[in-house]
Amino acid sequence: MSILFSLIESPFHPDFGTLYRRLGISAERFTSARNLHRALQKQKPDVFVGEFIYGWGNNYAGANVSNLDVTLRTLQCQAPQAKVIVFMHPREAAHIDKLLALFSVHAVLTYPVSEPAMEAALRSAA
């Protein structure tokens, strides 16, 4: 059985719990990156799902492109085999290339994310 970690940071993130169960995926949902990072110390996911939010005015002096940078760096160290699926609002499309230049991302899905699109991304990640 595959293990999937989702980082839920906005109300746009769809609930694919039924799809995950149908595909035999054990899914854990996290509402904070800190809790997800703690969980990575105990269990390594096969798939990570998170929403890309461009860092328009972050406090990191340009060190981070988005909300996902720290989590994706942590995944590189703790679960390098994990496939990354990113959800993105269409208004963020102009900035996704900045994230893709830094990290290996398996799939980028634009909101509204359909169940068939998510299923295709998960099947190709297997």
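Here, each number is a calculation from the coordinates, and none is a lab measurement. Treat the numbers as computed from the prediction; the structure is a model and nothing was measured. Note: ideal-geometry Cβ built from the backbone for every residue, glycine included; neighbour counts use all protein chains shown.
Computed from the C-beta positions of Ser104 and Lys44, the FRET efficiency with R₀ = 22 Å rounds to 0.85. Restricting attention to the chain, close to 5% of DSSP beta bridges with both partner residues there are antiparallel. When you filter the chymotrypsin sites (Phe, Trp or Tyr not before Pro) in the stretch 1-61 for DSSP loop state and at most 16 other Cβ atoms inside 10 Å of their Cβ, you are left with Phe12, Trp56, Tyr60. Applying 1/(1 + (r/R0)^6) with R0 = 30 Å to the Cβ-Cβ distance of Asn35 and Ser124 gives a FRET efficiency near 0.60.
This ranking places Glu115, Glu51 by how few other beta-carbon atoms lie within 10 Å of each, fewest first, which gives Glu115, Glu51.
What FRET efficiency would be calculated for the residue pair Val70, Thr18, taking the C-beta separation as r and a Förster radius of 25 Å, to the nearest 0.05? Using R0 = 25 Å, I get an efficiency of 0.25.
In the chain, the C-alpha radius of gyration followed by the widest Cα-Cα span (Dmax) gives 13.7, 43 angstrom.
Across the stretch 24-39, coupling constants 3J(HN,Hα) worked out from phi with the 6.51/-1.76/1.60 Karplus curve, θ = phi - 60°, read x, 9, 8, 10, 10, 9, 10, 9, 9, 4, 4, 5, 5, 4, 5, 5 Hz, and Gly and Pro carry x.
Modelled this way, with points 7 Å down the Cα-to-C-beta line, the labels at Ser26 and Arg91 are 3.9 nm from one another.
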